[in-house]
Each structure stands twice: as C-alpha cells, then as structure tokens.
Amino acid sequence: MRTDLYFLIRYGLGREDIQRSWLFDRCWEIYDNPNGYLDLWAREHYKSTIITYGLTIQDILASHGDNPLEKWKGIEPTFGIFSHTRPIAKGFLRQIKREFEANELLKELFPDILWAAPQREAPKWSEDDGIILKRKSNPKESTVEAHGLVDGQPTSKHFFVRVYDDVVTRESVTSPEMIKKTTEAWELSNNLGVDGGYERTIGTRYHLHDTYKTMMKTGAYKLRLYPATKNAQPDGEPILLSKKALKEKYIKQGSYTFGCQMLQDPIADKSQGFKKEWLRFYAALPYPPEECMHMNKLILVDPANEKKKKSDWTAIFVLGYNQDHRIYVLDLVRDKLNLNERTTKLMELHKKWRPKQVGYEKYGKDTDIEHIEYVQKEEKYRFTITPLGGAMSKNDRIRRLVPDFENEVIWIPEVLTYTNYDDDEVNLIKDFIEEEFLEFPVSNHDDMLDCLARLRDEDIKMTFPGAIYGEKPRVKRALGGFKKPQRTRGKAA
C-alpha cells in the first residue's frame, strides 16, 4: 500500500469505484510524479480522490512509524490543505480524518502510525485544529491541517507539503477584484512552506483570467491537463464518463460552463462574443482633423467611477460618421484620470474635433458634468453634454455592438498610440483587441467596449452625411503585425 497508490485506494480504502483503467493509469502517474504539478482535470474525474485524499494518506503511511520508506527517512512531513475558503478545505480533511477513525484494516496494518481510538488518544483530532498521527517529532503544526486562502489564512505555520485543492471556485471569479484577491492570497500562502518541501495543486477552471492562469504564467508549474474528452471538444470521445452523461451535462450547463468545468477551456462563448474576422481596419487616420469636416463626429466618455474599484480607467472615443455609412474611430483615450484631468482631456478633444454631440456616462449623483459646465463658463467655451445612463447590464449593452462589427459598420485604425499616466506609450488598438474585444464576455477589462457601446443609446442622435464620399477604405482582415508606433500623445501613427 505504501508503494502502490491504486492498491491503497482500491483495497486499503475500499474504493471499488476507482476500478477503471483510466484511473489506474492516473494513480501510477501521480505516484511517479506527485509534486510540482498543476493538475487541472474535468469535474468528477477523481483528481481530489487520488491526490488530496489517497496520496496524502499514502505519504503519511510511508513517512511515519518505525519503518519509513527511504525517500522519507528523517522526515515526518506535515500537510496543509488549502482551498478558497476554510469550509472547503475542512471537507477534504474530514474525509481523511474519518478514514483514520473507521478503517480497521489500516489500524491493524499500521499500529505504529494510527491511533486505535484517535478521538481519545490523539493530542489533536478535530477539523479546526487538524489531526496528529503518531510521530517521533513534535512540530507545532498538526500532521494534517485545513485552511482557507481568503478567510483565516494561518500565520507562523509551515507545512512540508502544501496541497491546494479548489483554490478557484465560482465565488472567486465573480469580479476582477475577487480574482485579484484570490491570487494575492495564494501568493501569500507560498510563505507557508518549508525549504525542500513539496507543493501540489488540483483544480478546475472557472474563468479565463482565474488564479490558475496566473499560476501557469509563472512558469513554476508543470501543467497536467485532463479535459473530459480526448480532443477537448464537446462531441469528442470521453476519457472516463459516458457519452450520455457528458451530453446531459452539456445540455444542462451550456457551452461556457461546460467548457470551463469539463473541457478546462474557459474561453468566451462564441455565440455571445465577438469574432476576429469582424474587425475592419483602415490604414491611417485622415489627419489633420480639418480633412474630416465631411464627417459628423461624436465624442463618448465613460469616466472612471471612484466608487467602483473595477472602473479605474476613463475611456473616451471620438467617432466619425462618414458618408459611406461607416463609423470610424478617429481618436481614443484609456487612462487613469481624475476629474480635472478628464475635463481637460474632453475640452482638448472637443476643440480638436468639433463634434456634433458629446455623450457622457453619468453615475448616480456624480458631479462630473457640473464641473465640466463650470470650466466651460470659465474658459468661455461651451458645448452641450448629453448624460447617458440606464439600467441595462454592461454585457447586454456591449452586445449591441455585435451587428455593427459583424456588418462592417465600425472601422478602427491599424495603430493608435497614447502616452498614459505612467508615461508609458501604449498601442490602444492592440489593447482594445487583445484585452477586450477577443476576450468578451470574460475579459478582465471592458472600459473601451462599454464606452463604444454607448453609441447605441437612444439619447445619441447621430446621423450619417447624405452622399457617398470617396472610395471605401482598404480592408485588412489579419490582426498580426502591428506597426511600431511613433511617439505621439493621443494620436494615430
């Protein structure tokens, strides 16, 4: 049992349900390579049973007692199980605790490790304090403990083996702030190990930008990925579950949830998002602005909402409604701007482009528009601002742009550079495409998309000029090969 993980789980722990060839192979794979992996498996594919439950028990039996295996000699490891919240982690501990309480076979085979009556004999034996098996050393940590990452993470404790199971849950991806909180908690927990210790991470994807993505980006983990089908497609051949079971899950869960939970592929639902082939580019902006006099121009502003940490970017679009019945992105801002800076930027853009209408998203009783009107009076430069609001959800508002992009109504420049608050020069078109357009509706940022979507608000009264003007701009269907931008502030290169 101490050298055969499958045998331990199947016969020592009495798990007849594991008697399947695919799980047999996984047991030996985990036994041969237990540490330093990020194991992302489909739901109901026994990853927690094999790693968090079975392997932890096997390591205790192999390292404690009078005759430890060679690799464990001189080491009596302690195990810390970490999940998103402590109740989840305690559930894994509870399963191990009950096994050591009720499994008479293990007690008979390993009397030098297991207590006959642990509730009475063990120094600690609870879900809150952990469980202590018979051991020669006396560390302050219990043999196995359970902790949460975001609630009650321990301090002044160090575990030889850290087992991360279900670090990411549905609750941990409800917002970018929650994802960030979970990721930062996981980063802090890396100080709870010991030199020469081990780390094991088991989970299932919930979001494109979840903490597991951060783990993969570090390059510190070897990824062990097992989707529910061999080709990672919904209609592929199952690796463990039946076709009928997978079909039922797909029908009940929908394509996005099924993609995350069963295929480990948390991409945006293609039926809800935008497609790369819808993008249309024109080669250069028609500078100077005087050459755009034939266009009807619109400025849209989505200011940073200081009451919402998520909304820390101000986005501003200058749109040109052309005589070919296309809408051209003429200028674009995404920056961290305070009220005075937003006002200054808007005044600059208005003087530069002379729009017919300015739409400004209004949050509750904020004073942006009042402040702008005060500055207009001081500078003796006035224009009307149309407040924009409404109860429509942000994703629904953004989806109104789907027909505009699909029908080649919206055209964007190949490159538009901007020097932001950090004095970094960025290509806003590249950021718009890669961070928002292609990742919607699971993108981390959607400031620019949300601002652009306001062109469909009923309070926006823009029209196209009457006659067809000039030739249709050159179509570019590929995204690659962004030009190296020239250093200009807020202008296209």
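The values are calculated or read from the model by the stated rules, or taken from the named source; none is laboratory data. All of these numbers come straight from a predicted model, not from anything done at the bench. A quick note on method: Cβ atoms are made from the backbone with ideal geometry, for glycine too, and the neighbour counts reach across all protein chains shown.
Key figures
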{"item": "Complete set of residues in the stretch 334-367 that are among the acidic types (D, E) and either touching a strand residue (DSSP E or B) at 6+ places or on another chain (Cβ under 7 Å) or without any contact (Cβ under 8 Å) to a residue 60 or more places away in the chain (or both)", "result": "D335, E341, E348, E361"}
{"item": "Matching option when the condition is crowded, with 22+ Cβ neighbours inside 10 Å and either in contact with a helix residue (DSSP H, G or I) (Cβ under 9 Å, 6 or more places away or on another chain) or of a type in the set (D, E) (or both), among L55, L23, L38", "result": "L55"}
{"item": "Unmet requirement for E439, which otherwise passes all of (1) closer than 18 Å to H207 by Cβ; (2) in contact with a helix residue (DSSP H, G or I) (Cβ under 9 Å, 6 or more places away or on another chain); (3) crowded, with 19+ Cβ neighbours inside 10 Å", "result": "(2)"}
{"item": "Residue within the stretch 122-137 that is polar (S, T, N, Q), at pLDDT 95 or above and crowded, with 16+ Cβ neighbours inside 10 Å present", "result": "no"}
{"item": "Failed condition for D128, given (1) more than 26 Å from V168 (Cα to Cα); (2) in contact with a strand residue (DSSP E or B) (Cβ under 9 Å, 6 or more places away or on another chain); (3) not in a helix (DSSP H, G or I)", "result": "(1)"}
{"item": "Subset of the stretch 58-89 [out of contact with any helix residue (DSSP H, G or I) (no Cβ under 8 Å at 6 or more places or on another chain) and among the acidic types (D, E)]", "result": "D66, E70"}
{"item": "Number of positions in the stretch 375-399 that are among the charged types (D, E, K, R), under 13 Å from T343 (Cα atoms) and part of a loop (DSSP other than H, G, I, E, B)", "result": "1"}
{"item": "D302 vs. criteria of a type in the set (D, E) and at pLDDT below 90", "result": "no"}
{"item": "Selection count where residues are over 33 Å from the mean Cα position of the chain (by Cα) and surrounded by 13 or more Cβ atoms within 10 Å (Cβ to Cβ), scope the stretch 373-389", "result": "6"}
{"item": "Residue in the stretch 82-93 that is more than 23 Å from the chain's Cα centre (by Cα) and more than 21 Å from R205 (Cβ to Cβ) present", "result": "yes"}
{"item": "Meets criteria (polar (S, T, N, Q), assigned to a loop (DSSP other than H, G, I, E, B) and in contact with a Gly (Cβ under 7 Å, 6 or more places away or on another chain)) for S137", "result": "no"}
{"item": "I50 vs. criteria assigned to a helix (DSSP H, G or I) and in contact (Cβ under 8 Å) with a residue 40 or more places away in the chain", "result": "yes"}
{"item": "Residues (touching a Pro at 6+ places or on another chain (Cβ under 9 Å) and touching a residue at least 40 places away in the same chain (Cβ under 8 Å)) located in the stretch 72-84", "result": "I75, E76, T78, G80"}
{"item": "Enumeration of residues in the stretch 415-452 that are within 18 Å of E277 (Cβ to Cβ) and either within 17 Å of the chain's Cα centre (by Cα) or acidic (D, E) (or both)", "result": "E434, E436, F437, L438, E439, F440"}
{"item": "Filter result for the condition that a residue is surrounded by 14 or more Cβ atoms within 10 Å (Cβ to Cβ) and touching a residue at least 40 places away in the same chain (Cβ under 8 Å), over L109, L69, L105", "result": "L109"}
{"item": "Residue within the stretch 215-227 that is of a type in the set (D, E, K, R), in a loop (DSSP other than H, G, I, E, B) and out of contact with any Leu (no Cβ under 7 Å at 6 or more places or on another chain) present", "result": "no"}
{"item": "Test set (1) acidic (D, E); (2) exposed (fewer than 13 other Cβ atoms within 10 Å of the Cβ); (3) in contact (Cβ under 8 Å) with a residue 40 or more places away in the chain - E370 fails condition number", "result": "(3)"}
{"item": "Where T143 falls short, out of the listed (1) surrounded by fewer than 17 Cβ atoms within 10 Å (Cβ to Cβ); (2) at pLDDT 95 or above", "result": "(1)"}
